[in-house]
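All remarks here apply to the structure that follows.
The values are calculated or read from the model by the stated rules, or taken from the named source; none is laboratory data. Just so we're clear, the structure is a prediction, and the values are computed from it rather than from any experiment. For neighbour counting, all protein chains shown are included, and Cβ atoms are generated from backbone atoms with ideal geometry for every residue, glycine included. With ligands, DNA and RNA removed, areas are computed over all heavy atoms of the protein, side chains included. Shrake-Rupley method; radii C 1.70, N 1.55, O 1.52, S 1.80 Å.
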Amino acid sequence: MMISPHNDKAQHRHTSSFWSSPSLNLGLILVIPSVVLLVLLSTLVLHPSTFSPLSSPWKWRYGGHWYSSIFNGSSTDSPFMEAETDKLAPNMSFSDALIDKDIDNVTSTTRVIKRSSKLEMVEAYMARARSSIKEAARVRNLTSIHQDPDYVPHGPIYRNANAFHRSYLEMEKLFKIYVYQEGEPPMFHNGPCKSIYSSEGRFIHEVEKGKFYTTQDPDEALVYFLPFSVAMLVRYLYESESLKTDAIGRIVIDYIHVISGKYPYWNRSLGADHFMLSCHDWGPLASSYVPHLFNKSIRVLCNANTSEGFNPAKDASFPEINLLKGEADIGGLPPNRRSILAFFAGHLHGYIRYLLLNEWKDKNDPDVQVYVQLPKGASYMSKLKNSRFCLCPSGYEVASPRIVEAIYAECVPVLISDGYVAPFSDVLNWKSFSVQIAVKDIPNIKKILMGISQRQYLRMQRRVKQVQRHFVVNPTPKRYDVFHMINHSIWLRRLNVHIQDFGVP
């Protein structure tokens, strides 16, 4: 249909009169500033820097201790196991799945949207990992069915060898740590490497090297590391004469305020995807506000004491390793040449040791040798390597370096404690290679150990040798060693958390 020039001009005049209407102009004058104001307000609300340092408008869900049932072979479903995973192509790499846009000249709102899309991709990958691990847990073989050039988990030392192996392989593909750069040595980005707290320092130094799991892009990270050393904070800030810990508490609280004000990651989860570690007693900080800051966070602690608030669902037990010389002494006599039934040497340190020493140190029993101080000329390591069972009582803290010392010496560890969660107990079946003795049964130690048959002892001793690889500290970490196992424990805790952006139901 043709439109005549006359009609076109009439239409133009009609349109012009419409836009020149006084009432419309007045409406536009009122509406346009309101729209601009709303846009500005929404930009300010969405920008992470406007969040109060310790509040969170982000949504997150906690999934419970789902991996415990998985590694025990239970079919109990996780709240997140059925999460949708079709956002990602099966063979798509993490970096390929994330659409990277030029954001040099974009608004704050666009920056949040870009970060949010990465978070959604991270969570989708996590959902796929959970489903993969759950599927692997259905295989109840003692040997993993997955191929591995270095090591295939097998045997009763694992709760479920196939589920652990699948989880470990998923971790190697997906696990990424962002290390906050704020803070100065020696209390940050540093730790002791040749002491009873060497586990703490070794892990910090290895993460700082950036060779394993770390990322420079915080939006890609699954977890965020708070790189302070409790051992170093105590060394430099603890007032031993007055027993004051205020300075330690203040510096940790200030650090959380700094990173929560500068980055959005703490605020969006209340720290649930952040982790800190300590092999020093958590006690110096217990009287301050600090523990409350980490109610949601992953705490990797040597003092894994459930009676002091350690929560195995979100906290990870950290093996205490005493490396005075910087290297581990591994190996011992073969079982048929070990002449000592049980051995312990150590000073009074807590009520459990008091009970042990009080019961056994003066008996001069050649089978159960317990000393406050070794006889002249006797060697501590020689005694360990010549013992069938090594007694590992808790001190003032539940953890003891004697557990790892026993494993290194190929001596079956005897755990005597209340409320202690052993390292890597999510995946390791400690009952298969150690003996647990209740505190009330300390007088019956000899009877209990003599009741273990030679056949059973030999099985346990072989398993101790097998589990060594998970506790060895290597100068450069090797797959499945203690560094990687600690990361695996953190990885499992992160699988418990599902973080959502604001606006997502």
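If r is the Cβ-Cβ distance from ILE452 to TYR396 and R0 is 30 Å, what FRET efficiency results, to the nearest 0.05? Let's see the in-between values first.
On the way: r = 29 Å, r/R0 = 0.98.
Here the calculated transfer efficiency is 0.55.
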Alpha carbon centre of the stretch 397-418 versus the stretch 307-335: separation in Å?
8
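Can you order the peptides 411-420, 384-393 by their average number of other Cβ atoms within 10 Å per residue, highest first? Don't skip to the end; give the middle numbers.
Details: 411-420: 22.0, 384-393: 24.6.
Those peptides, ordered most packed to least, come out 384-393, 411-420.
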What is the spin-label model distance, in nm, from ILE330 to ASN295 if the labels are put 7 Å beyond Cα along the C-beta direction?
4.3
Roughly how many Å² is the accessible area per residue of the stretch 149-192, as a whole number, for a 1.4 Å probe?
34
Give me the number: length gained by fully extending VAL439 to ALA378, i.e. 0.36 nm times residue separation minus the C-alpha to C-alpha distance, one decimal in nm.
19.2 nm
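Below 8 Å between Cα atoms, with a sequence gap of 6+, how large is the relative contact order for the stretch 266-413 in percent?
On the way: 225 pairs, mean separation 35.0, N = 148.
Reported relative contact order: 24 percent.
Across all directions of projection, what mean area in square nanometres is found for the Cα convex hull of the stretch 328-484? Display every interim value, and only then the final one.
On the way: hull surface 37.4 nm².
Answer in nm², one decimal: 9.3.
Relative contact order, percent, of the stretch 397-505 when contacts are C-alpha pairs under 8 Å separated by at least 6 residues? Intermediate results must be reported in sequence, preceding the final value.
Values: 82 pairs, mean separation 26.6, N = 109.
That works out to 24 percent.
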May I ask you to list the residues of the stretch 117-139 whose amide nitrogen lies under 16 Å from a point 7 Å from Cα along the Cα→beta-carbon direction of ASP217?
117-126
Given a 1.4 Å probe and every protein chain left where it sits, what share in percent of the accessible area of the stretch 117-274 is carbon and sulfur?
50
With labels modelled as points extended 7 Å from the Cα through the Cβ direction, what inter-label distance (nm, one decimal) is found for ARG138 paired with TYR354?
5.5
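Carbon and sulfur: what percent of the stretch 335-387's accessible surface (1.4 Å probe)?
Details: 1500 of 2950 Å².
Here it works out to 51 percent.
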Listed peptides 300-310, 173-183 by packing density, highest first (mean Cβ within 10 Å)
300-310, 173-183
